[in-house]
Amino acid sequence: MKVIVTGGAGFIGSAVVRHMINNTTHKVLNIDKLTYAGNLESLGSIENSTRYHFSHTDICDRSALDKIFFEFQPDAIMHLAAESHVDRSITGSATFIETNIIGTYQLLEVTRHYWNQLDIDKKQVFRFHHISTDEVYGDLDDTNDLFLETTPYAPSSPYSASKASSDHLVRAWHRTYGLPIVLTNCSNNYGPFHFPEKLIPLVILNALAGKALPVYGNGAQIRDWLYVEDHARALYQVLTEAKVGETYNIGGHNEQKNIDVVKAICRLLEELAPNKPQGVKNYEDLICYVADRPGHDLRYAIDASKIKQDLGWIPQESFETGLRKTVAWYLANQEWVQHIQSGEYQNWIQQQYDSTTD
Ligand code: NAD
Ligand code: DAU
């Protein structure tokens, strides 16, 4: 197979590219604009493979996409390129509308025209896999409710509204034009190569630097954490095994309160990084409650029984083993961290945390 992965230089996209290069014989073309979140160093382990190719392209650029499709002749698209950080969508929503909605629209149109001219056999096996989020469902009360594939959409943030919008476009292109799509909605990922604007890597790196560990509101919000390599495996299975038009929820069966996640990281650091920064007695002493995120979703939790039943997928990593691996990875990969902590990253941290600190 020849597979186009959009957003392959990002956190999850790079795990998907590494998975396919390491575990299959497919050719992979990574299309990425290399925003602040895109980092080719995350692909260093596979960049010399003759089956891996990269195109520095914006998914909003229709004519560039047309040319790429014509030259590469893909059998499948895995669409991960997106603006992905909720807090950034609150302070600046324009790029979220641009990339997540308009970019997905452009990609769908290019794919539709390309797919229309394929011969019948290729047309049947072709897939457009749209990678989305559980945030499209809004939040759950603090009960035993779970997100099902049939849960109505009720997004809360500009980010989740833009992803919900892209999901609707993808399903409409299937229903109206017959485009062979599959769609997945996943819970919070964590693991290696995660950009440190997100909770888990932010807390690990702040703690190691002796900086405050910012917990929004009371820290009682709940997320369902999935190790990124488990997600990459699930995505590949859905791409290659799911029926056209299907949607799968993907989750880790790992519901955790934010404050418990932060404390678990502190405990791991006590063990794995006992030489603390000057003036720090216990990592937990760095925890600091800050102003809440506007519109903050209280609880996400996925019912992943459909993907288990249909495709036999279950996560291999528990939260305990995955978090330990993640903390160990950040300790061992300080160079990767230093390279991404650019001027743009410093600006974001200053802007975000100066305004949210109580
Ligand atoms: P990320 O922010 O780490 O990476 C996004 C990638 O997309 C980057 O490499 C960036 O350069 C690229 N990109 C952004 N705009 C682009 C454009 N206009 N053209 C081409 N490339 C562009 O994101 P992630 O966390 O890896 O998430 C990947 C996908 O998975 C997103 O669609 C996100 O909505 C979805 N998702 C993420 C999570 C999570 O926990 N991170 C969970 C569920 C679903
Ligand atoms: O559920 C899937 C979603 O998970 C993805 O679609 C998003 O792309 C991804 O970013 C993630 O969204 P969250 O908003 O849940 O992730 P984040 O790491 O930003 O925050 C996790 C929780 O921690 C959330 O309740 C907000 C809180 N938080 C976050 C930061 C950055 C804090 O308390 N302090 C912080 O400094």
Entries of Lys67/Lys122; Lys33/Lys276; Lys33/Lys198; Lys257/Lys308; Lys163/Lys263; Lys27/Lys325 with Cα pairs more than 27 Å apart: Lys33/Lys276; Lys163/Lys263; Lys27/Lys325
First measure r as the distance between the Cβ atoms of Leu331 and Arg112, then evaluate 1/(1 + (r/R0)^6) with R0 = 30 Å and state the FRET efficiency to the nearest 0.05. 0.05
With each label point set 7 Å from Cα along the Cα-Cβ vector, what nm distance links Asp75 and Ala220? 5.2 nm
Based on Cβ point charges of +1 for Lys and Arg and -1 for Asp and Glu, what charge dipole magnitude is obtained for the range 210-324 about its Cα centre, in debye rounded to the nearest 20? 280 debye
Euclidean distance of C-alpha centroids, the range 180-208 and the range 124-153, integer Å: 17 Å
Loop GluC sites (Glu not before Pro), the range 27-71 (other Cβ atoms within 10 Å of the site Cβ: 15 or fewer; DSSP): Glu47
Report, for the range 207-358, the % of DSSP beta bridges that are antiparallel, rounded to 5. 40 percent
Specify which residue in the list Pro315, Ala212, Gly279 is farthest towards the positive end of the charge dipole of the range 169-328, using unit charges on the beta carbon of Lys, Arg (+1) and Asp, Glu (-1), about the Cα centre. Ala212
For the range 3-93, what is the charge dipole size about the Cα centre, in debye to the nearest 20, if Lys and Arg each add +1 at the Cβ and Asp and Glu each add -1 at the Cβ? 160 debye
Roughly speaking, what is the stretch gain from Lys257 to Tyr153, that is 0.36 nm per residue apart minus the C-alpha to C-alpha distance, in nm to one decimal? 35.1 nm
Per residue of the range 28-36, what does 6.51 cos²θ - 1.76 cosθ + 1.60 with θ = phi - 60° give for ³J(HN,Hα)? Whole Hz please, x for Gly and Pro, Karplus curve as stated. 10, 10, 8, 9, 8, 7, 6, 6, 3
Report, by chain and number, residues whose modeled amide H sits under 5 Å from the one on Cys288, excluding near sequence neighbours (fewer than 5 apart, same chain). Leu213, Val215
Set of the range 239-257 residues, backbone N closer than 19 Å to the point 7 Å along the Cα-Cβ line of Lys123: 244-245
With a sphere of radius 14 Å drawn around the Cβ of Tyr248, what net charge do the other residues whose Cβ falls strictly inside it have (Lys, Arg +1; Asp, Glu -1)? -2
One finds, for His168 and Val280 with R0 = 51 angstrom and r their Cβ-Cβ distance, a FRET efficiency to the nearest 0.05 of 0.60
Least to most buried among Glu83, Glu246, Glu335 (fewest other Cβ within 10 Å first): Glu335, Glu246, Glu83
Measure nothing but the geometry: give the 0 to 90° angle between the long axis through the Cα atoms of 199-208 and the longest principal axis through the Cα atoms of the chain, rounded to 10°. 40 degrees
Show me, for the range 134-139, the HN-Hα J-couplings you get by feeding each phi into the Karplus relation (A = 6.51, B = -1.76, C = 1.60, θ = phi - 60°), rounded to Hz, glycine and proline as x. 6, 5, 5, 7, x, 10
Extended-chain gain in nm, criterion 0.36 nm per residue less alpha-carbon gap, Ile314 and Ser63: 86.4 nm
Calculate how many DSSP beta bridges within the range 54-195 are antiparallel, expressed in % of all such bridges and rounded to the nearest 5. 0 percent
If each residue's Cβ is checked for other Cβ atoms within 10 Å, how do Phe193, Phe69 rank with the fewest at the top? Phe69, Phe193
Where the only charges are on Cβ atoms (+1 Lys, Arg; -1 Asp, Glu), what is the dipole of the range 289-358 about its Cα centre, to the nearest 20 debye? 280 debye
Choice from Gly251, Gly38, Gly13 showing the highest fluctuation, given a GNM over the chain with Cα pairs closer than 10 Å: Gly38
Kindly work out what percent of the DSSP beta bridges joining two residues of the chain are antiparallel, to the nearest 5. 10 percent
Could you tell me which of Phe128, Thr151, Met1 has its Cα farthest along the dipole of the range 1-160 towards the positive end, charges placed at Cβ (Lys, Arg +1; Asp, Glu -1), taken about the Cα centre? Met1
Extension gain (nm, one decimal) between Thr25 and Leu272, 0.36 nm per residue minus Cα-Cα: 85.2 nm
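Read-outs: derived from the displayed coordinates by stated rules, not from any lab. Everything numeric here is computed off the predicted structure, so don't read it as measured data. Reconstructed Cβ throughout: ideal geometry from the backbone, glycine too, with neighbour counts over all protein chains shown.
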